[in-house]
Structures are given as C-alpha cells and as structure tokens.
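One structure is given below, encoded as structure tokens.
The values are calculated or read from the model by the stated rules, or taken from the named source; none is laboratory data. As the structure is a prediction and not an experimental result, all values here were calculated from the model. As a convention, Cβ positions derive from the backbone with ideal geometry for all residues, glycine included, and neighbour counts pool all protein chains shown. When the accessible area is computed, the model is the full protein with side chains, heavy atoms only, and any ligands, DNA or RNA have been set aside. Shrake-Rupley method; radii C 1.70, N 1.55, O 1.52, S 1.80 Å.
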Amino acid sequence: MRVLRSAAACLFLLPVLAPAQVAILQIKVVEGEGVVHAPGSRTLRPITVEITDETGKPVDHAAVSFHLPDDGPGGALLNGLRTDVGMTDANGRVTLQTVQWNHTAGRFQIRIVASREQARAGMLSSQYIGESSARTRTMPSTPSTPKAPDAHTASKGRTKWVVLVALLATGAAVGAVNGSRSTPQAAPQPAASAPVLSIGAATITVGKP
C-alpha cells in the first residue's frame, strides 16, 4: 500500500519537474555580420549566432541551419554542400563550418533557421565578396616605340623644309633690297690736296769788278 502511494506521488510530481517549453526563439549574429570576403578565399569561422528565448536566456540544444545561396555570390562547405546544421552549446551559440567562397563579387545573404521543440525563428545575414584585386589593379603603361615615318610622311616633311628655306631666303633678299633703297649712301669726300710750294725765278746780280 505504501509503495503504491509513493508511486502515485512521483507521477504527480513529474509534470512539475518537466522543463518548461520554449515559446519564442530569438537569433542574434554575434560574429561575422556584413563581412567582405576575398574572392576564392576560405573562412574558418564565417559567422556565429546566439539563440535565446523570449527572456534573453541562452537556449542550448537548439538546431540551427545555415543555407548558402545556390548561385551567384556565395560559396560552399568543404563537403560541397550549401547547407550546414549545428546544435547550440550551453551559451546558446553555434558557428557555421568552414566555407570556400567563390569568385563572383557582390552582396548575398545566408538564411539562418533555428528550432527547439515547437518554437522556430529565422533571419538573413548579409555577406559580401569583394572585387578581385586582378580586376582593379592598374597595369603599368608600356612606353610605345616610335614608328618610323613612311615614305609619304617623309616626303611631306622634306617638302615643308624646302618651302621654309625658300621663304627664308626670299625674305632675306627682299630685306637686303629694301635696306639698300632706304639707306642713303654717304657722298664721297674729296681727297685732301697736297701742299703747293712756289719757287720764284732765280735772280742773278752781276756787279762791277
């Protein structure tokens, strides 16, 4: 009789000792939100989320799935899949496995879904793949080798020089003529006359002896 009563008391206390069900789940990205990944790189810890209940208490053993885009910017897990499922720890946190990003630059979103018993929640995390450095790098300019002038160009050049020389010669001749016309010549100065010596006739006087 006492055994039956003890068993009945235990059955009565079981609902009281059962853990309370989680009504609402909340997802928060604690690491990796809005990260710009290098094209073709591999990230060991791309994103970590924390799952809490309606009171902000961490929820352990919650199943969390990460879904990468099927095309466009994004990547895949090392096993080639695009979906990863993990369980939260005692702190309500779980991290996406290593991801190999592709080479398509742009913005994309990782879809995150958490569930525990009857409670479910979901969110989107924005990620980016940056432009490839090879696309943005400016290649140094190569100095161009001067081309040898063709025969037509060389002929035109020689003709220009001949005309220029002729014009210069004509201008010099005209200038010389104009200069000779406009500049009066100095009248010739008469030569200085030599001094003239006058010698009178010799006079001889003969006296008487």
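Is it true that A23 is farther than 27 Å from Q97 by Cβ, modelled with pLDDT under 95 and not in a helix (DSSP H, G or I)? For A23, the condition - farther than 27 Å from Q97 by Cβ, modelled with pLDDT under 95 and not in a helix (DSSP H, G or I) - is met. Under the condition of being free of Cβ contacts under 8 Å to residues at least 40 places away in the same chain and of a type outside the set (G, A, S), the residues counted in the range 78-103 number 11.
Within the range 24-36, is there a residue that is in contact with a helix residue (DSSP H, G or I) (Cβ under 9 Å, 6 or more places away or on another chain) and either surrounded by 17 or more Cβ atoms within 10 Å (Cβ to Cβ) or among the hydroxyl-bearing types (S, T, Y) (or both)? No, every residue in the range 24-36 fails to be in contact with a helix residue (DSSP H, G or I) (Cβ under 9 Å, 6 or more places away or on another chain) and either surrounded by 17 or more Cβ atoms within 10 Å (Cβ to Cβ) or among the hydroxyl-bearing types (S, T, Y) (or both). Of all residue pairs spaced 6 or more apart or on separate chains, those with beta-carbon atoms under 6 Å, a first member in the range 22-45 that is within 12 Å of I110 (Cβ to Cβ) and a second member that is part of a strand (DSSP E or B) and open to solvent by 40 Å² or more (accessible area, probe 1.4 Å) are I27/M123. Contact map, the range 111-122: first residue without any contact (Cβ under 8 Å) to a residue 60 or more places away in the chain, second residue of a type in the set (F, W, Y), Cβ cut-off under 8 Å, separation 6 or more or different chains; pairs are R111/F66.
I want to confirm something. Restricting to the range 77-133 and keeping residues that are of a type in the set (K, R) and under 18 Å from G56 (Cα atoms), which single residue is most open to solvent (accessible area, probe 1.4 Å)? Selected residue: R120.
Name the residue, out of E54, E50, that is modelled with pLDDT under 95, of a type outside the set (A, V, I, L, M), open to solvent by less than 100 Å² (accessible area, probe 1.4 Å) and more than 22 Å from S132 (Cα to Cα). Step through it out loud before you land on a result.
Numbers: E50 fails: modelled with pLDDT under 95.
Matching residue, one of E54, E50: E54.
Restricting attention to the range 42-76, the residues being closer than 16 Å to S125 by Cβ and either outside any loop (DSSP other than H, G, I, E, B) or of a type in the set (D, E) (or both) number 10.
Residue by residue, here is whether (1) out of contact with any strand residue (DSSP E or B) (no Cβ under 7 Å at 6 or more places or on another chain); (2) among the basic types (K, R); (3) more than 18 Å from V30 (Cα to Cα) holds:
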{"residue": "N79", "(1), (2), (3)": "yes, no, yes"}
{"residue": "R82", "(1), (2), (3)": "no, yes, yes"}
{"residue": "R93", "(1), (2), (3)": "no, yes, no"}
{"residue": "Q100", "(1), (2), (3)": "no, no, yes"}
{"residue": "F108", "(1), (2), (3)": "no, no, yes"}
{"residue": "I112", "(1), (2), (3)": "no, no, no"}
{"residue": "Q118", "(1), (2), (3)": "yes, no, yes"}
{"residue": "A121", "(1), (2), (3)": "no, no, no"}
